[in-house]
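Chemist: I'd like to ask some things about the structure below.
Bear in mind these aren't lab numbers, they're just calculated from the coordinates by the rules spelled out. Fair warning: this is a prediction, and the values are worked out from it, not measured in the lab. Using ideal geometry, Cβ is built from the backbone for each residue, glycine included, and neighbour counts are taken over all protein chains shown.
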């Protein structure tokens, strides 16, 4: 399955480009294409049915209401015993976070479906990156709070509770955590799949240039690959309007900078003079269908022991500047901060037996140097 995640700065036309991408995929022979979007206007952008294309509009409020009512039904006896008042579906409104959970659930279900291509209309870039990082983060929290290996003591929990004098976690708590971990792992598998890439959408300009650079850094930190940069709403060169000519010059300057960075993966999309509506307008944009996925982003550990006695971990972080970097070693984990983004990664097995000797930024790549710990590293004779 080929999965394309579409995001970019707010107001850049992400939903339009996502719809045009899904339409191109369906018309180029991908018989089973799924477009996932939470935008209420997706029905106006795609104003008719297209053979081979299925549109799934997320309804977080409805899903939250159904889940809470189902939980209330299961716990009905306990609630009645406590004298609790029942909630009605009409009075329930979605809580913060329900949008993110609905999106992760849709990603999980898409991975289990029979689709050739899945196009996902994500929120604006900073929020999209937070959503994509959520499964890995939540699974880490679950492992820390409820380690799976402690479940082996289920039979001993009542006795341990009496000895320690404190209540021990009930079995249902571990079972719930295990179920959550399975669901989060399914969503994470789709995000980290080799066939998953991100398409950035931005309108050329100084503000968008900064937003695209930050988004590219955040995506690289999460190990996600960029499929292309869609420069949306590009104005024509031959305009007699003096007011528009200034905007054209501004766009051309940003496009030249993006071309140096992204090369052939930069795709300018024309301004139609109106908001695109319907299949004909989407086709006029000329948005290409998802191509073959590029090579996975790798964080290789290079062996330089023979030269200067260190191992070097190479972490690609395009667009980051030295002042925005942060690095902390915590046990077997490394906390990497790049601008507003942070990721906690588990060290490769070889590096867990080393100490951090230093780090440097070179050519858009963070290089962390590790020195083997004599007390942990195998001794040679």
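Chemist: Quick one: if the Förster radius is 35 Å, what FRET efficiency do residue 377 and residue 344 give, using the C-beta to C-beta distance and rounding to 0.05?
Modeler: On the way: r = 24 Å, r/R0 = 0.69.
Efficiency, from the Cβ-Cβ distance: 0.90.
Chemist: Just check region 195-282 against the gyration tensor rule for me: Cα atoms, a ≥ b ≥ c as the square roots of the eigenvalues, rounded for a/c under 1.5, and otherwise prolate or oblate depending on whether a/b exceeds b/c.
Modeler: Taking the square roots of the gyration eigenvalues as a ≥ b ≥ c, region 195-282 is oblate.
Chemist: Between residue 333 and residue 49, what FRET efficiency comes out of the Förster formula 1/(1 + (r/R0)^6) with R0 = 51 Å and r the beta carbon distance, rounded to 0.05?
Modeler: Numbers: r = 49 Å, r/R0 = 0.95.
The computed FRET efficiency comes out at 0.55.
Chemist: Now for a different question. Just subtract the alpha-carbon distance of residue 116 and residue 70 from 0.36 nm times their residue separation and send over the number in nm, one decimal.
Modeler: 13.3 nm
Chemist: Given the C-alpha centroids of region 1-45 and region 177-244, what is the distance between them in whole angstrom?
Modeler: 13 Å
Chemist: Something else now. Assuming R0 = 22 Å, what is the FRET efficiency of residue 271 and residue 210, from their Cβ-Cβ distance, to the nearest 0.05?
Modeler: Efficiency at R0 = 22 Å is approximately 0.55.
Chemist: Could you work out Rg/(2.2 N^0.38 Å) for region 301-372, with Rg from alpha carbons only?
Modeler: This ratio for region 301-372 stands at 1.07.
Chemist: May I pose another question? Considering only C-alpha atoms, what is the centroid distance from region 307-381 to region 102-140, in Å?
Modeler: Cα centres, region 307-381 to region 102-140: 28 Å.
Chemist: Between residue 362 and residue 308, what is the label-point separation in nm under the 7 Å Cα-to-beta-carbon projection?
Modeler: Label at residue 308, label at residue 362, 0.7 nm between them.
Chemist: Continuing with this model, one more query. In region 235-306, what is the volume of the convex hull around the alpha carbon atoms, normalised per residue and reported in Å³?
Modeler: 154 Å³
Chemist: If we count other beta carbons within 10 Å of each Cβ, what is the order of 24, 37, fewest first?
Modeler: Placing the least packed residue first, the sequence is 24, 37.
Chemist: Arranged by the count of other C-beta atoms within 10 angstrom, fewest first, what order do 201, 297, 368, 321 take?
Modeler: So the residues, fewest neighbours to most, are 321, 297, 368, 201.
Chemist: Sticking with this one: Which of 261, 7, 254 comes first, and how do the rest follow, when ranked by fewest Cβ neighbours within 10 Å?
Modeler: 261, 254, 7
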